[in-house]
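So the structure is just underneath, and the comments pick up after that.
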Amino acid sequence: MDYVKLGRSSLKVSRICLGAMGFGATGWRGWVLDEAASAAVLDRALDHGINFFDTCDFYSAGESERILGEILVKRQPRESFVLATKAGNPMAKHPNGRGYSRKHLFGAIDASLTRLGTDHVDLFQTHVWDPECDLEELVDAMGDIVRAGKARHVGVTTMPAWTLALCRAMADARASARFLSMQCEYNAAHRECERELVPLCRHEGIALIPFSPMARGFLSADRSGGRNETLRTRTDDYTQKYYYRDADFEVQARIARVAGAHGVSPSQVAMAWTLSRPGVTSPIFGATSVAQVDEAVAALGLALTAEDVALIDGAYVPRPLQGAGH
């Protein structure tokens with residue numbers, strides 16, 4: 001396993017990060033693993049040298065965090081792994097049960113630390129873009145969370161590039177913690193972040209830790225005409241909403257062609273494509289089996305040729321720019 005710096009910090013993270021959305025409770029999503037099944041996946045990741053794990057309070061209403069606490073925090077030396085979580089999605093029905101008010105952020109980090117069974121996370125991040133949030137309040141609250149020792153670093157997920165630039169400038173003016181990382185959707189069929197977010201991150205040395213390198217499984221197999229359905233592809237409305245364009249099917253077909261030429265799986269080619277993009281620090285992949293962890297790690301050794309990349313890129317059709325900046 002290779003390790004790289006998380007942005008301009010000296011913190012070292014594995015070249016790929018295991019996302020924990022798939023650990024939790026089937027009542028939240030039918031394809032999610034319970035604690036026992038999650039343990040096997042996490043153990044395999046540790047065996048491979050993966051030291052970077054990303055979760056969120058919203059995943060299975062906190063059960064994902066609790067499972068990571070049981071399997072990682074209680075069983076591994078705390079200094080041996082890098083633990084990231086997020087806040088912002090609804091955790092209660094009342095109006096202050098989500099978002100980036102000082103009230104919610106302090107409550108969210110405390111609740112996450114309790115579920116995780118630790119006194120700090122290494123990276124605390126926003127989760128969804130909220131155009132109504134006050135950026136100064138967000139910057140001040142996140143900086144104070146770092147000062148309180150509850151998080152070592154802070155980062156963001158999918159926000160317009162101009163807001164990220166403003167937040168970092170505000171933090172500088174306050175001698176406060178700057179947002180160190182950006183999570184955004186980035187794969188061969190979803191490249192909108194290349195317009196503004198990626199150039200900003202590369203210029204500023206912000207760690208780019210993209211999610212969905214396999215497009216939530218869409219790029220892993222031919223899904224056209226209802227082929228190769230899984231429980232997730234049948235029930236994940238997000239995937240169907242964003243990845244069932246004609247152009248997306250063509251991207252997948254070309255990935256499959258490249259995979260056949262290399263004797264590897266389409267998932268590995270999709271992961272290798274994201275890994276190869278300039279500025280990418282550590283893509284976040286989800287796994288619900290030991291085999292999927294092995295497959296993701298194997299992609300680290302897959303070198304795509306310029307011809308491979310050109311073939312895949314030639315099928316991409318941009319989407320309209322959304323309010324979140326990608």
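All of the numbers you see were taken from the coordinates with simple rules; none came from a lab. Quick caveat, the model's predicted, so the values are computed rather than measured. Positions of Cβ are generated from backbone atoms using ideal geometry, with glycine treated the same way; all protein chains shown enter the neighbour counts.
General remarks:
- For the stretch 3-313: rounded, prolate or oblate by the Cα gyration tensor [a/c cutoff 1.5]: prolate
- Between helix 35-47 and the chain: long-axis angle, C-alpha atoms, 0 to 90°, nearest 10: 80
- FRET E, pair Arg319, Ala92, Förster distance 35 Å, beta-carbon r, rounded to 0.05: 0.65
- Across the chain, the relative contact order, built from alpha-carbon pairs under 8 Å that are at least six residues apart, equals 19 percent.
- Against the main long axis of the alpha-carbon atoms of the chain, helix 246-262 sits at an angle near 70°.
- Put the Cα centre of the stretch 272-326 next to the Cα centre of the stretch 194-210 and the gap is 15 Å.
- Karplus (6.51, -1.76, 1.60) ³J(HN,Hα), θ = phi - 60°, over the stretch 6-19, in Hz, Gly and Pro reported as x: 7, x, 8, 7, 9, 6, 9, 10, 5, 5, 10, 10, 8, x
- With 0.36 nm allotted per residue and the present C-alpha distance subtracted, the Glu204-Arg102 stretch has 34.1 nm of extension available.
- Antiparallel beta bridges, as assigned by DSSP with both residues in the stretch 3-313, represent about 15 percent of the total such bridges.
- Calculated [222 nm] ellipticity per residue, helices only, for the chain: -11500 deg cm²/dmol; basis is -39500 (n - 2.57) per DSSP H run with n ≥ 4, divided by all residues, nearest 500.
- In this rough spin-label picture, where each label sits 7 Å from Cα along the Cβ direction, the Ala175-Arg147 distance is 1.1 nm.
- Contour excess over end-to-end distance, with Cα ends at Asp294 and Asp34 and 0.36 nm allotted per residue: 91.6 nm
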